[in-house]
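The structure appears below as structure tokens.
The values are calculated or read from the model by the stated rules, or taken from the named source; none is laboratory data. What you are looking at is a predicted structure, and each value in this text was computed from that prediction instead of being measured. All Cβ positions, even for glycine, are placed from backbone atoms using ideal geometry, and neighbour counts span all protein chains on display. For accessibility, only protein heavy atoms count, side chains too; no ligands or nucleic acids. Shrake-Rupley method; radii C 1.70, N 1.55, O 1.52, S 1.80 Å.
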Amino acid sequence: MKFLEKEELPHFAFQKEFLRPFADILEGYVPDGPPGDRSSAAGRQGVDVDPVVKDMVLRCVHQLVQTAAAHIRSGWKAVLSVAQIAARDPHDPTAEMGFHIVRECAQRHARHMWAVGPDAAAVTVVGLEYFHELIACLCEYAVGTAVQRPRLALGAIDTLCHAADALGAQVVEHPAFAVAGSDAAAAALDEQPLYRVWMPVLRALFEVVMHTEDLEVRTRALDAFFRTAMAQGRRFSAGLWATVLRTLVFAMFADLRDPSASRRFTTVDDLELWFSTTLIKALRHLIALFSEYYPSHLSNEMMREVLELLALCIAQPSEVLGKVGASCLHDMVRANYKQCDAEAWDLLCGTFARLFSWSQPRELFAIAGAEPETPPADDGAANGVLPASARAKAANGGADKPDYLHTTLKCVLQLLLIQTVGELFDVDVETGAREAAGAADDLYGHMSAHHLFILLDCLEQSRAFARRFNGNRRVRRRLVEMGVMPTMP
């Protein structure tokens, strides 16, 4: 205690070294080699530590934090290291005591751990490395203890968001932040203060979403991720937005591209649960986030990537994902059509055209033994719309055993797309009657004749295919005989 009362000299870390034995004892580290050698097998031996000893260590650290927080400098690293080690302990009382310490550090002593520097010419965060240490510690509780201790995991997520909001508010309230303006956005990404504060937070929440098995914890982290991006995004630079979306948000959907190659799930049921819960929720969050910041912060290039993701989702061999993807595509158009320029309409209408072309169930003729229809050259398979399994099937012409389920899903998706276009213009697909005026008329006013004709061509191609199929009684009868359809369609 007397040692901590002495002011630590700048650029020295005496406190960290002085408090390190607490972490060593808690971890069961016994030095058996050259001094300072903590990494090699010769210099590290693990022993079992009695829970009573662990409790005493944690209480000592807690007492230090309560009584000497104002004097701690580099010692915060050792304190947070102790709490992080406690998170991995199999004994619940040890983990709970460690979490109590880190939560108290974040909520009561954050001003002693980090603060925005007094320099009026630039925004600098003194002690930012301890904020990053805090994130790593809380992430350990959120990911490592989610299954056994979900209460601690949920508390860790809330504590992380609370600490980040407080520090983020200090950064944006600094006089130099408003003065810097475009100069700060033009700076290297890792030198931007918002990047250094928010990117580690969002990355930690992303890790929780991707590596936590508990659904409640995963959902809490997902909501916190998009809530943070929604609240703070108006201050993000273009480079920070691109990094957040491409390295974190789009990475959440990586399993869509080739579900069979996913190593995160041991069973198909786990993968389907991920798709039906977390993935669908993330997709809706993404559309809301994009609609909030397009086009002020997000460009048409980012719209292209979002549309590719939606198309990939719609083309999955899952009716639920297809419906959600079509619904999100509808919501995206409705929320953003007033801000769309010609390039954006090219992207939107081009996505509809590829999806309409891909989802035409041409395999029905091949299954029935008739001459198969040749897909157009610009079919969705050539543009990355199809998932990997479907693209492989398209590549070999659907040879060998026909995939009846895949063909049936195409029929469902074709109808979904027709309904989506109808809903955009407030048309009842079954009756063809206009349901209401207003929004649809406004949509007409923002689309050029060229883009309207693209959608009309899609509907016409769908109508022509249905007419050819319905007029071929031999194919329809053969499908009934093969059991593909229960009755004559």
accessible surface per residue for segment 88-209, probe 1.4 Å, DNA/RNA/ligands not counted, whole Å² -> 43
Expressed in square angstrom to the nearest 10, the accessible area of residue 74 with a 1.4 Å probe stands at 10
Ranking 410, 16 from most to least accessible area with a 1.4 Å probe gives 16, 410
Of every hundred units of 1.4 Å-probe accessible area on segment 91-219, the number belonging to carbon and sulfur atoms, as a percent, is 54
Evaluate 2.2 N^0.38 Å with N set to the residue count of segment 139-235, then give the Cα radius of gyration divided by it.
1.20
Quick one: which residues, 5+ away or cross-chain, put their amide H under 5 Å from the amide H of residue 125? H built at 1.01 Å from N.
117
Averaged per residue, the 1.4 Å probe accessible area of segment 215-304, protein heavy atoms only, in Å², is roughly 44
Carbon/sulfur fraction of accessible area - segment 282-353, other protein chains in place, 1.4 Å, %
50
Neighbourhood charge, 9 Å Cβ-Cβ cut-off, centred on residue 410 and excluding it, Lys, Arg +1 and Asp, Glu -1:
0
How do 149-155, 443-449 rank on mean C-beta neighbours within 10 Å, highest first?
149-155, 443-449
Cα-Cα P(r), segment 107-166, percent of pairs per 10 Å interval:
22, 44, 24, 8, 2
Can you tell me the Rg and the Dmax, both Å, for the Cα atoms in segment 213-312?
14.1, 42
At 7 Å along the Cα-to-beta-carbon direction for both residue 100 and residue 273, put a label point, then send me their distance in nm to one decimal.
3.2
Sorted by mean Cβ packing within 10 Å, highest first, what order do the peptides 219-225, 67-73 take?
219-225, 67-73
For residue 458, solvent-accessible area (1.4 Å; no DNA, RNA or ligand), Å²:
10
So, relative contact order of segment 91-241 in percent, Cα under 8 Å, 6 or more apart, is 24
Rounded, prolate or oblate: which fits segment 249-302 when a ≥ b ≥ c are the square roots of the eigenvalues of the alpha-carbon gyration tensor, with rounded for a/c under 1.5 and prolate only if a/b beats b/c?
prolate
A chain fully extended from residue 406 to residue 258 at 0.36 nm per residue, minus the present Cα-Cα distance, gains in nm 51.7 nm
R0 = 56 Å: FRET efficiency of residue 151 with residue 473, Cβ-based, nearest 0.05?
0.30
If all Cα-Cα distances of segment 62-173 are sorted into 5 Å bins from 0 onward, what percent lands in each bin, rounded to whole numbers?
2, 13, 24, 22, 18, 11, 6, 3, 1, 0
